[in-house]
Amino acid sequence: MGLLAPLYALAALAVVGPIVFHLIRRQPRGQREFSSLMFLSPSPPRLTRRSRLDNVWLLLLRILAIALIALAFARPYLRQAKLLNANLSGRNIVLLLDTSASMQRTDVWSAAQVQLSEVLDDLSADDRVALYTIDDQLSAIVPLSSSTEADAATTQSAVRVAARQLQPSWQATQLALGLRAVADALTSAEIAGVVDPGSGSEIVLISDLHTECGLESLQGFPWPASIQLDVRRILPATEGNARPSLLAADPDNGDERPRIRIENNANSGTQSFQLEWCNASGPVQPNKTRVQVPAGQVRVVPVAEQPTGADRVRLTGDAWSGDNDVFVCKTEPRTQRIAFVGPEGLPAEESLSYFVSRAPLDTNLVRRQIEVVSAGNLLTALDNSTDLTTIWLEADEAISLPPARLREFAKSGGSILISLARPSDAPGPLGEFLGQLLDEPAVGIAEAPGDDFALVGSVDYRHPVFAPFAAPRFNDFSKIRFWSHRLVKLEPETSLKTVASFDDQSPWLLQQSPGAGHIWIMTCGWQPSGSSLGLSSKFVPILLGLLDPAGAARKTQISFAVGENIAWDTDIAQVMDSQSLEVQPPRLAIENGSLRFFEPGWYVVSSPAGSQKLAIQVPVSESRLVLLDTDVFEQYGISQQRVSSDEDRRRQARQMQIQELEQKQRIWQWLLAAGLIILAIETGIAGWLSRTRAPQPVTSSTS
């Protein structure tokens, strides 16, 4: 026999009460007071060696009633041998292991491996297991399909072997991506009948769970009620972290030294750090820059000039050294030639090249050289020059050039800018030339009527050329006046895009993008006799946008994060073919016309078009390691429940079977009824004895 609630059996100790009461000498009945004893206090009844039990059978009835009632509340049941080994169905367990860069910490990764082994050790032999890893992408190591096709022992063994071979990556954390994908896969498997919905499905997430782990996209996701989530958070031995990042020098303040931004986590226990120049072998010079950064704050400090042989600045003194190297990419500016073809013999202030040559068009990465050439010399430059990137043409001078050769130049990545700066003497031939250049029907060109000036009517501020003017404080073009401009008539189905137009709805700036390059047509000039554009503060930004609409030449450093998609035709500012692309060292993937690097460090990307050195840094999100509480999942409507071990499940199963067995037997009802019957009998006997008992002699007790 067993007891479902054994603690209630302790109530049987109440039998001591009747025994004690029976041993107490009671006061005799029929007392009389004597005058000689009225000033003495009576003595209470007490136990003595001469005390004896009266009415033993009545005492036994009371003891038996109390014992039966206490045993009834303890819910007894008769044991059965089948309860010793409860039969349990196998569960579907998906292990989701965080392998992002923050898991590179030695103590964190070791603890994650131990936690994964403990989960596997607690499972039963019938539980099927799948293993996935998540950083910025979900990877199926032992997929769910394999765990449903093979037997449970095989899946557990495969997961153990695969887990020992795993290593954390250097990519960012996107836990929500992995949780949503795994939950959807389990739900689909249940709907398809591959997984038994009644067997239970559980996801075990093993992660360090920091503030930048990417849980935001769980908002609004309908988490399946049939799937339980068990979050095993890994705590580091030392909390907190600091991260350096590179800022551009501040030459305006006379400081050409590189500046390092240091961000210290709010939970960091360290505020004293050192900065030093290093290379792959170690420090280059012994001098260190010391800096104090309190927890939760940011400091920007200049460091010494980059010494010979150094390619990174290293931070020391924080809890994790994996993100302490900031690779300093010191790029040499490359030269781009701009060939300007225009009429000769004009006054300087009436020549378009006069304003262009004096505009500050250089950047940290590009030095632009403006060369005024004739039409004949331009053809020679097209055949022999490799650094010619832009051709600027005035309308009348362009007629003598071969349009097919110019269009081929644009398709290969060059830019052609045509300015209709002056009234044309031959609008017909010019229209035919533009039609062949643009691969369109002949373009109609005429002079705009009226003696008054024109204003800018509409501008596409989403276009890269005019994006810098999108803010309300910069988008006022009313001060720019155009004394003359040309009307360009286009076919309804044209490939030209109108980027900006005048107040008479005629185009001001047109664009076509054949191949990798651009062809621009501006229907006016910027000389003082044509417009006030050349004297406007908006002139230089517009020129920079025309020369480099993708903004590749305006970047100050070729630096990217691990896992970031890098387009080699824009981000690297080189036109490269993926078939002939070479990278040293070759730790990358080429996907959908872009590069993805998997480790931080220096890389050299080479192709027949040129080469570029790239600095790949640890993602910033992996350096902000303030811990999150596991209760954060409750905010997204996800209930958490720890995965039970096989022993706990069997204990719970036995307990449920015992409850079911006890409810079927209902022995407590019979015991309770017997106890109440005995109490009724005891009450009747005690009443009868009290009525038939003879009067006791009068006694008195003195103290």
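The values are calculated or read from the model by the stated rules, or taken from the named source; none is laboratory data. This one's a predicted model, so the numbers in the text were calculated from it and none came from an experiment. Cβ atoms come from the backbone with ideal geometry, glycine included; neighbour counts cover every protein chain shown.
Table: residues versus (1) among the β-branched types (Val, Ile, Thr); (2) touching a helix residue (DSSP H, G or I) at 6+ places or on another chain (Cβ under 9 Å); (3) closer than 18 Å to Pro403 by Cβ.
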position: Val456; (1), (2), (3): yes, no, no
position: Ala470; (1), (2), (3): no, no, no
position: Leu487; (1), (2), (3): no, no, no
position: Glu491; (1), (2), (3): no, no, yes
position: Leu496; (1), (2), (3): no, yes, yes
position: Phe502; (1), (2), (3): no, no, no
position: Gln512; (1), (2), (3): no, yes, yes
position: Gly517; (1), (2), (3): no, yes, yes
position: Thr523; (1), (2), (3): yes, no, no
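Collect the residues in the range 409-422 that are surrounded by 15 or more Cβ atoms within 10 Å (Cβ to Cβ) and either more than 15 Å from Ile521 (Cα to Cα) or outside the structural domain of Ala339 (by TED's automatic domain parsing) (or both), keeping them in residue-number order.
Phe409, Gly413
Exactly one condition in (1) closer than 28 Å to Leu544 by Cβ; (2) surrounded by 15 or more Cβ atoms within 10 Å (Cβ to Cβ) is false for Glu349; which is it?
Condition (2) is where Glu349 drops out.
So Asn475 clears everything in (1) free of Cβ contacts under 8 Å to residues at least 60 places away in the same chain; (2) closer than 26 Å to Arg422 by Cα; (3) surrounded by fewer than 21 Cβ atoms within 10 Å (Cβ to Cβ); (4) in contact with a helix residue (DSSP H, G or I) (Cβ under 6 Å, 6 or more places away or on another chain) except one condition, right? Which one?
(2)
Restricting to the range 347-388, count the residues that are at pLDDT below 80 and either polar (S, T, N, Q) or touching a helix residue (DSSP H, G or I) at 6+ places or on another chain (Cβ under 7 Å) (or both).
Selection size over the range 347-388: 6.
Among the numbered conditions (1) without any contact (Cβ under 8 Å) to a residue 40 or more places away in the chain; (2) surrounded by fewer than 20 Cβ atoms within 10 Å (Cβ to Cβ), tell me where Leu406 comes up short.
(2)
Scan the range 300-342 residue by residue and report those that are modelled with pLDDT under 90 and at positive phi.
Gly309
Among the residues of the range 321-344, are any closer than 30 Å to Arg624 by Cα, in a loop (DSSP other than H, G, I, E, B) and acidic (Asp, Glu)?
yes
Looking at the range 100-158 only, could you name the residues that are polar (S, T, N, Q), in a strand (DSSP E or B) and surrounded by fewer than 19 Cβ atoms within 10 Å (Cβ to Cβ)?
Within the range 100-158, just Ser139 meets the criteria.
Out of curiosity, is Glu447 modelled with pLDDT of 90 or more and surrounded by fewer than 16 Cβ atoms within 10 Å (Cβ to Cβ)?
no
Which of the residues that make up the range 512-526 are closer than 17 Å to Ala398 by Cβ and either surrounded by 20 or more Cβ atoms within 10 Å (Cβ to Cβ) or free of Cβ contacts under 8 Å to residues at least 24 places away in the same chain (or both)?
Within the range 512-526, Gln512, Gly517, His518, Ile519, Trp520, Ile521, Met522, Thr523, Cys524, Gly525 qualify.
Can you confirm whether Phe598 is out of contact with any Pro (no Cβ under 6 Å at 6 or more places or on another chain), under 30 Å from Leu138 (Cβ atoms), surrounded by 15 or more Cβ atoms within 10 Å (Cβ to Cβ) and modelled with pLDDT of 75 or more?
No, not satisfied.
All but one of (1) modelled with pLDDT of 90 or more; (2) surrounded by fewer than 16 Cβ atoms within 10 Å (Cβ to Cβ) hold for Glu276; state the number of the condition that does not hold.
Exception for Glu276: condition (2).
Here's a check for you: in the range 298-313, which residue that is part of a strand (DSSP E or B) and free of Cβ contacts under 8 Å to residues at least 40 places away in the same chain is surrounded by the fewest Cβ atoms within 10 Å (Cβ to Cβ)?
Looking at residues that are part of a strand (DSSP E or B) and free of Cβ contacts under 8 Å to residues at least 40 places away in the same chain, I get Val298.
Look through Ser484, Ser478, Ser501 and report the one residue that is more than 27 Å from Ser412 (Cα to Cα), among the hydroxyl-bearing types (Ser, Thr, Tyr) and outside any loop (DSSP other than H, G, I, E, B).
Ser501 is the lone residue from the list that is more than 27 Å from Ser412 (Cα to Cα), among the hydroxyl-bearing types (Ser, Thr, Tyr) and outside any loop (DSSP other than H, G, I, E, B).
Can you tell me which residue within the range 129-150, out of those that are at pLDDT below 85 and not small (Gly, Ala, Ser), is nearest to Ser199 (Cα to Cα)?
Once the filter is applied, the top-ranked residue is Thr148.
Taking Ser188, is it outside the structural domain of Asp323 (by TED's automatic domain parsing) and either over 26 Å from the mean Cα position of the chain (by Cα) or β-branched (Val, Ile, Thr) (or both)?
For Ser188, the condition - outside the structural domain of Asp323 (by TED's automatic domain parsing) and either over 26 Å from the mean Cα position of the chain (by Cα) or β-branched (Val, Ile, Thr) (or both) - is not met.
Does Val341 qualify as being assigned by TED's automatic domain parsing to the domain that holds Ser385 and surrounded by 18 or more Cβ atoms within 10 Å (Cβ to Cβ)?
Yes, satisfied.
Give the residue, chosen from Leu509, Leu544, that is part of a helix (DSSP H, G or I) and either modelled with pLDDT of 75 or more or among the polar types (S, T, N, Q) (or both).
Leu544
Under the condition of being touching a residue at least 40 places away in the same chain (Cβ under 8 Å) and crowded, with 21+ Cβ neighbours inside 10 Å, which residue from the range 423-444 is farthest from the chain's Cα centre (by Cα)?
Val443
Does Arg486 satisfy the criteria of being basic (Lys, Arg) and exposed (fewer than 14 other Cβ atoms within 10 Å of the Cβ)?
Criteria not met by Arg486.
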